[in-house]
């Protein structure tokens with residue numbers, strides 16, 4: 001039963017307003033003593049020629065207590081509803097424990113397709129912390145939409161094209177080691193790429209060689225294509241190792257190279273619509289009337305750039321998937337680029353560009369180091385995750401030295417701590433990495449939420465035979481009711497996260513559930529309670545673990561069995 005919907009239905013029978021509109025107007029009061037739901041009556045004042053407080057009082061007198069409503073109060077111009085607690089607890093806890101990890105799933109997205117482009121690392125280059133932010137943000141958004149019933153497509157727009165690959169091939173041909181490439185491809189490819197730039201300062205002719213090799217690659221030279229394909233394949237194998245750690249999969253690895261034979265059509269379309277303008281020998285689309293700089297389509301030498309490829313990708317994706325939404329999860333620094341792409345598509349006559357959105361991600365800052373230096377040093381995702389696991393292992397050993405599988409637990413907790421930190425705030429705030437805060441077992445942290453779930457599982461294990469049924473009317477305390485309200489609120493949190501493109505809504509909600517459970521746990525006995533109360537509280541604990549695990553899995557966090 002949807003209590004909000006039921007209350008809206010009762011109100012609609014008394015006023016001249018559709019139930020759907022009433023649903024939109026119903027609010028959650030800021031304080032629990034003001035009710036569980038509140039309906040403002042101000043909009044009826046002119047029609048009924050009564051003060052809002054009088055209208056609220058009249059309506060309150062016509063609404064009786066039943067299995068939905070426990071009490072109705074008129075307060076100012078509001079109708080404040082207190083739900084029937086016993087029925088509410090029974091309905092929500094039964095639903096959570098019956099649906100398990102499917103709790104909160106809906107049919108909202110039936111028949112609709114959402115594309116989510118995320119991660120998009122460059123082949124032959126290490127996966128840096130910025131890529132990890134994009135990866136976790138995009139994966140969480142995709143899982144949120146999938147949970148809401150949408151058909152989703154996970155797209156990894158690999159950076160696998162451009163003049164840098166001429167340099168990469170030249171570097172490998174000069175200094176590459178086949179054995180090292182097979183053993184650790186990214187490290188070996190980065191080593192020779194750095195060496196190329198060092199040597200090119202002393203031998204500028206290397207740059208000419210690289211351009212010639214890239215031209216051969218573009219022209220389909222078998223040797224160049226074979227090397228490029230090998231670099232690409234080995235890179236994706238390495239990327240997949242990290243994706244597997246966070247249970248992330250992709251439906252497509254079509255990168256920039258996939259669209260090289262599709263750009264000609266886009267350029268011709270732009271010409272046919274008289275959108276291309278010559279500027280210093282280059283071909284651009286003038287966007288001055290949109291208060292944007294021009295979008296470069298062809299360089300002065302006739303070469304295409306990534307904007308051309310993104311236009312081709314947009315056209316291909318709409319033809320292939322007929323999407324309802326196409327989301328690009330890329331750093332905030334690319335905001336202008338995507339505004340240009342969407343605007344050019346609209347100028348081409350494609351109104352479906354209105355359904356495309358750039359989901360900007362935050363910058364990462366470390367409390368004890370710089371993200372990058374002028375020499376190009378970058379903080380890699382693998383380094384951060386390994387450091388998280390090492391530091392977590394030290395904490396685990398100090399707290400529970402006898403724990404089995406300590407290394408595995410430390411890895412899950414460390415990775416969870418990093419994922420939580422990345423997704424705990426809205427996307428326009430910088431992500432601050434401080435190990436003291438990230439690995440804290442108190443407050444707003446991944447380990448705190450994971451530990452709460454582990455605690456709940458431990459309680460259920462200690463109970464032995466889990467009771468098959470429970471009388472939820474035995475849950476009578478405010479702490480229990482507030483906890484169940486938060487469980488029910490998970491459904492609204494999913495919807496809000498999707499509407500705002502903000503995974504942090506889920507992160508914050510499961511954290512509030514964890515805090516509420518710990519408050520309940522520290523205030524009320526479970527194992528030593530009366531048998532019927534104990535059974536109800538065990539079922540409540542099971543529901544809490546179900547929802548926390550569901551929420552954490554959406555944001556890429558796994559819960560260990562013990563901590």
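The values are calculated or read from the model by the stated rules, or taken from the named source; none is laboratory data. Since this is a predicted model, take the numbers as computed values, not measurements. Glycine gets a Cβ as well: all are built from the backbone with ideal geometry, and neighbour counts include every protein chain shown.
So the values come out like this:
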read-out	value
Residue in segment 530-546 that is touching a residue at least 60 places away in the same chain (Cβ under 8 Å) and at positive phi present	no
Among the residues listed as 551, 556, the single one being part of a loop (DSSP other than H, G, I, E, B) and more than 27 Å from residue 402 (Cα to Cα)	556
Which numbered condition residue 283 misses (of (1) surrounded by fewer than 20 Cβ atoms within 10 Å (Cβ to Cβ); (2) out of contact with any helix residue (DSSP H, G or I) (no Cβ under 7 Å at 6 or more places or on another chain); (3) under 24 Å from residue 218 (Cα atoms))	(1)
Residue 99 vs. criteria surrounded by 20 or more Cβ atoms within 10 Å (Cβ to Cβ) and more than 30 Å from residue 51 (Cα to Cα)	no
Hits in segment 199-225 (condition: under 39 Å from the mean Cα position of the chain (by Cα) and in a loop (DSSP other than H, G, I, E, B))	220
Pair list, Cβ < 6 Å and 6+ apart or interchain, from segment 259-276 residues that are under 9 Å from residue 312 (Cα atoms) to residues that are outside any helix (DSSP H, G or I)	263/304
Whichever residue in segment 277-300 is touching a strand residue (DSSP E or B) at 6+ places or on another chain (Cβ under 8 Å) and in a loop (DSSP other than H, G, I, E, B) and, among such residues, is farthest from residue 314 (Cα to Cα)	300
Among the candidates 339, 391, residue that is surrounded by fewer than 19 Cβ atoms within 10 Å (Cβ to Cβ), modelled with pLDDT of 95 or more and not in a strand (DSSP E or B)	339
Test: residue 324 is over 21 Å from residue 130 (Cβ atoms), in contact with a strand residue (DSSP E or B) (Cβ under 8 Å, 6 or more places away or on another chain), in contact (Cβ under 8 Å) with a residue 40 or more places away in the chain and surrounded by fewer than 19 Cβ atoms within 10 Å (Cβ to Cβ)	yes
In segment 72-87, residue surrounded by the most Cβ atoms within 10 Å (Cβ to Cβ) [restricted to those that are touching a helix residue (DSSP H, G or I) at 6+ places or on another chain (Cβ under 6 Å) and under 18 Å from residue 472 (Cα atoms)]	83
Residue list for segment 254-274, filter: part of a loop (DSSP other than H, G, I, E, B) and crowded, with 18+ Cβ neighbours inside 10 Å	254, 255
